[in-house]
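Taking it in order: structure first as structure tokens, then the write-up.
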There are 2 protein chains.
Amino acid sequence: MINGRFAISIHILTLLSMEEGLSSDYIASSININPVLVRKEVSRLRKAGLVDTKEGKNGGAFLSCSPRKITLADVYKATYEKPLFNHSKNEPNPRCPMGKRIGEIMDEVNEAAEAALLKKLSGISIEKFRSQL
Amino acid sequence: MINGRFAISIHILTLLSMEEGLSSDYIASSININPVLVRKEVSRLRKAGLVDTKEGKNGGAFLSCSPRKITLADVYKATYEKPLFNHSKNEPNPRCPMGKRIGEIMDEVNEAAEAALLKKLSGISIEKFRSQL
DNA sequence: TGTACTGTAATAATAAAAGTTACAGAAATG
DNA sequence: CATTTCTGTAACTTTTATTATTACAGTACA
């Protein structure tokens, strides 16, 4: 329903919680996707401050803090920028009272939904998954 | 992020909470989408028991209960069947401990996330939007 | 019987996501 | 200091999902 980057990021971070300095090729072969997608996703996680990377030979990615401190709320925020629920690209009819308001309504719904989601996700850490492996 | 059907359904139901028996053409012109998409979405809402429809001349759609009783949790469930968070279509590497488990982990995450989301959405009714117009 | 609807299938167009290729630049290491 | 192994990123292609369109059978009303 939502694109698969969230799962990919969780996968990456959990792998790194077990062994640091993994290369994008190694990670990609565990997830079974293209290494460039891993590098792109790692790049997002780096910008969000969740991982560090090292270029060059023997380079790779490292968690930038304890897996206990990385929650799925952090991962969600690093992964997505758009609101949870789209509303259609088409401008709704502004001459209709509903058309005029649907945008604001969806903003409200998105805000409520994302807050609830993030609250729940903030209670789940990468450590939880690491400890299950 | 998620497809726009949720917003479309909310739009349809709120319109119907103001005036019943609207045709798919009328609704489509408020949303500014194709009438066939409206009929498809109404069909889903009908299967979920949220609206009734009448065929033939002067036909259209009707709420099947009070807008006070229709919550966004009902709408969400009528609208989506797949889990909130995808994981990649590719089978992850089963020879990797993480690859082996990611499926179960994402199932857990999905369950937790959807429960939190639905709980929040169940507190928001179509009546809320109707009363704001 | 004509008109105005729904229901739905089939298909086409568009947009988003995922995958690929290519290559510049960084660090280790012989 | 050249070679190797990595990251970072851009550009592009392929695939999949979403949205739109066309077409028409069936229903109900007048």
Report task. About the Cα centre of the protein assembly as shown, how large is the charge dipole given +1 on each Lys and Arg Cβ and -1 on each Asp and Glu Cβ? Please answer in debye to the nearest 20. Result -> 60
**Report entry** segment A:27-41 - phi-based ³J(HN,Hα) in whole Hz, Karplus 6.51/-1.76/1.60, Gly and Pro as x
**Finding:** 4, 4, 6, 6, 7, 6, 10, 6, x, 5, 5, 5, 4, 5, 6
Query - Nearest 10 degrees, 0 to 90: helix A:5-18 Cα axis against chain A principal axis - result: 30
Query raised in the report: In deg cm²/dmol and to the nearest 500, what is the mean residue ellipticity at 222 nm of chain A if only DSSP H runs of at least 4 residues count, each as -39500 (n - 2.57), divided by the residue total?
Result: -17000 deg cm²/dmol
Report summary line: at A:TYR26 the sorted inter-copy label distances (label 7 Å from Cα on Cβ side), in nanometres, are 6.5
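Given charges of +1 on the Cβ of Lys and Arg and -1 on the Cβ of Asp and Glu, with all other atoms neutral, how large is the dipole of segment B:5-130 about its Cα centre, in debye to the nearest 20? Each step should come with its number before you reach the end.
Details: 20 positive and 15 negative charges, 13 e Å.
About 60 debye.
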Query raised in the report: Taking the Cβ of A:GLY49 as the center, what net charge do the other residues with Cβ under 14 Å away carry, scoring Lys and Arg +1 and Asp and Glu -1?
Result: +3
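First measure r as the distance between the Cβ atoms of A:ASN90 and B:ASN90, then evaluate 1/(1 + (r/R0)^6) with R0 = 25 Å and state the FRET efficiency to the nearest 0.05.
Details: r = 34 Å, r/R0 = 1.34.
E(calc), rounded to 0.05, equals 0.15.
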Report task. Return the value, in Å² to the nearest 100, of accessible area buried between chains A and B (probe 1.4 Å, both sides summed). Result -> 4300
Requested in this report: Pick out, from A:PHE129, A:GLY99, A:ASN110, the residue whose Cα sits farthest towards the positive end of the charge dipole of segment A:93-133, with +1 on the Cβ of Lys and Arg and -1 on the Cβ of Asp and Glu.
Outcome: A:PHE129
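Got a number for carbon plus sulfur as a percent of segment A:26-133's accessible area, 1.4 Å probe?
About 49 percent, which is the carbon plus sulfur part of the accessible surface.
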Query raised in the report: By per-residue mean of other Cβ atoms within 10 Å, what is the highest-first order of B:20-28, B:56-64?
Result: B:20-28, B:56-64
Query raised in the report: Considering only the other residues whose Cβ falls under 14 Å of the Cβ of B:PRO97, what net charge follows from Lys and Arg at +1 and Asp and Glu at -1?
Result: +2
Query - Heavy atoms of A:ASP52: accessible area, 1.4 Å probe, square angstrom to 10 - result: 80
Report summary line: The answer for B:LEU22, listing residues at least 5 apart or on another chain whose modeled amide H is closer than 5 Å to its amide H, is B:ALA61
Query raised in the report: Using a 1.4 Å probe, what is the accessible area per residue for chain A, in Å²?
Result: 50
Query - Under-5 Å amide H pairs with B:ILE70, H placed in peptide plane, nonlocal only - result: B:ILE126, B:GLU127
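The values are calculated or read from the model by the stated rules, or taken from the named source; none is laboratory data. Just so it is clear, the model here is predicted, and its values are computed rather than measured. Positions of Cβ are generated from backbone atoms using ideal geometry, with glycine treated the same way; all protein chains shown enter the neighbour counts. We work out accessible area using only protein heavy atoms, side chains counted, and drop any ligands, DNA or RNA first. Shrake-Rupley method; radii C 1.70, N 1.55, O 1.52, S 1.80 Å.
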